[in-house]
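Worksheet: one structure, shown below.
The values are calculated or read from the model by the stated rules, or taken from the named source; none is laboratory data. Because the structure is predicted, anything quoted here is derived from the model rather than measured. When we count neighbours, we look across all protein chains shown, and the Cβ atoms used for this are built from the backbone with ideal geometry, even at glycine. We work out accessible area using only protein heavy atoms, side chains counted, and drop any ligands, DNA or RNA first. Shrake-Rupley method; radii C 1.70, N 1.55, O 1.52, S 1.80 Å.
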Amino acid sequence: MALVPAQTAVANGLRGFIQMQNQQKFGLMLAIAAIIALLAGAWMWSQSPDYRVLYTNVSDRDGGAIIGALQQMNVPYKFSEGGGAILVPGNQVHEVRLRLASQGLPKGSLAGFELMENQKLGSSQFLEQVNYQRALEGELARSIQSLAAVQNARVHLALSKPSVFVREQQKPSASVLLNLFSGRSLDAAQVSAIVHLISSSVSDLPVKNVTVVDQSGSLLSSPGNATLNAQLDAGQLKYVQELEHNYVKRIEAILTPITGANNVRAQVTADVDFSQTERAEEIYKPNHTAPDPAAIRSQQSTESTTGGPQAVGGVPGALSNQPPAPASAPIAAAPGAAVNAPAGVPGSAAAAPSANSRKESTVNYEVDKTIKHVRQPVGGIKRLSVAVVVNYRKETDSAGKVTHTPLAAEQIAKINDLVKETMGYNKDRGDTLNVANSPFSVAEREVVPDVPFWKQPATLILAKEVGKHLLIAAAVLYLVLGVLRPLLKSLAQARPAPVLPEDALDSQAAAAVRRQGNAGYEQNLQMAKQLASQEPKIVANVVKDWVSGDER
């Protein structure tokens, strides 16, 4: 039965392997084992996941719960150096975070209002109050930890017991201990924000009763209203900076079309009044004169008149009994004028009638009264100082040579007027303006070369992955083509000894025996041993012939 060529090659290879020496067999098996190990290692290396950070700086309690959940989900994990982070395969980070979040992990070392969810039946009022205080402290600490610079926070509340006596009531207080990240710090505004956060979260807690301390023991919150003052100073400084920046932008925006881009620089110094002034005035105007009559509020007038002849009478006595005095009359009396005659003298004219009149008038005028409550606005500008520098004009002649010439006086005056209008120049306020024309000394711009394609991060990562696979392929090809292939080729080319007919074998064996018989005994013995080791079949046939010949 004829064998297939492939089967023939395999059979020849097996015969060659059997005929190989032990050292050759060992080397071949070692090469095959090395190739298998290399292929297995390369496959495992290519299949190893890229671990990324799942969580960092977790507490021991949360870390144990997270590890247990990962083991239940059959997610591989490992720790970073120092155990500061838990790493999982990069393609599973987001999925694992969502699955852990559904389980409430990480819970954090701080207990919040979830403490109130597991209240036991029959717990005392004191225990409920303690749990509520713990929950409130935990929630406040979590809120503070959401700040970028805060790593950990602890809040201690001193809540006073309510009392029916007003004098015995005490305000609550709070203490905050912050553990900041390395190299980070909090400014006054952030500290004030933490203070107000605590004060607004606890009922009847004044700002001055909140103390903030960092991990080094430094007091961040000042006593009293110093924190508020610090915050106000920061706000004032920011307002001044924004005001000056706006003036600079306005000045440069109006001069750029004239001077060209990057040919004008402006700086503004603003003196701002942040004092708060409140004034109350009460003004009474004097009485109005006739041309400007005042408004009459009320008027009252009374007039009385009494008239008639005067009755003769007098006080009885010596004076009344005396004779009348001699009459006296003017030499010429006015026509129609009555001549006075003594009373009681017969023939005299009638006495003139006597009348008494009385007038009273009361006028009440409205009194002028002006009451003013004036509160000056905060942040008014007291004085502006502006400095403007304009570059020389750049000119290019017909030959292409660039020259810089100063501006004319008319142009400087025009720029000066424009800046005055832009800044709202007020001489009475004490504003100052200085416009200078000077050449700019601009340093040559350093040309930053573009990063080559092969030096970009994405390219480096891609090259790393490709190089890893190419290295594996090169090692495999070397072992296959350089080691295994020559061995297999030598085995394939090796041919077993030709199988001769038994008659030929017998004749060859007989001839060999005859040749050996002619040699010496020792030499024949060595040759027989060598022949038996190399050609066991031939020796077996020879022995078989001998046995069969003896039988015959």
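Output the residue which, of all residues in region 106-123 that are closer than 15 Å to Arg142 by Cβ and not in a helix (DSSP H, G or I), is modelled with the highest pLDDT. Per the stated criteria, the residue is Pro106.
Among all positions in region 431-451, there is at least one residue which is at pLDDT below 70 and basic (Lys, Arg). Filtering Ile66, Ile86 for residues that are more than 26 Å from the chain's Cα centre (by Cα), β-branched (Val, Ile, Thr) and within 25 Å of Ser182 (Cβ to Cβ) leaves a single hit, Ile66.
Please tell me if Ala399 is open to solvent by less than 70 Å² (accessible area, probe 1.4 Å), among the small types (Gly, Ala, Ser) and free of Cβ contacts under 8 Å to residues at least 60 places away in the same chain. No.
Yes/no matrix, rows are residues, columns are (1) in contact (Cβ under 8 Å) with a residue 24 or more places away in the chain; (2) within 25 Å of Lys208 (Cβ to Cβ); (3) among the aliphatic types (A, V, I, L, M):
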{"residue": "Ser124", "(1), (2), (3)": "no, no, no"}
{"residue": "Ile144", "(1), (2), (3)": "yes, yes, yes"}
{"residue": "Ala153", "(1), (2), (3)": "yes, yes, yes"}
{"residue": "Leu157", "(1), (2), (3)": "yes, yes, yes"}
{"residue": "Phe165", "(1), (2), (3)": "no, yes, no"}
{"residue": "Ala174", "(1), (2), (3)": "yes, yes, yes"}
{"residue": "Gln190", "(1), (2), (3)": "yes, yes, no"}
{"residue": "Val195", "(1), (2), (3)": "yes, yes, yes"}
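Within the set Leu28, Leu70, the sole residue that is at pLDDT 80 or above, in a helix (DSSP H, G or I), hydrophobic (A, V, I, L, M, F, W, C) and surrounded by 12 or more Cβ atoms within 10 Å (Cβ to Cβ) turns out to be Leu70. Against the conditions (1) modelled with pLDDT of 60 or more; (2) farther than 30 Å from Val374 by Cβ; (3) open to solvent by 100 Å² or more (accessible area, probe 1.4 Å); (4) not hydrophobic (A, V, I, L, M, F, W, C), Pro291 satisfies every one except (1). Can you tell me which of Ser182, Ser143, Ser203, Ser192 is at pLDDT 85 or above and open to solvent by 70 Å² or more (accessible area, probe 1.4 Å)? Criteria check complete, one pass: Ser203. Taken as a whole, the condition of being of a type in the set (S, T, N, Q) and surrounded by 16 or more Cβ atoms within 10 Å (Cβ to Cβ) applies to Ser173.
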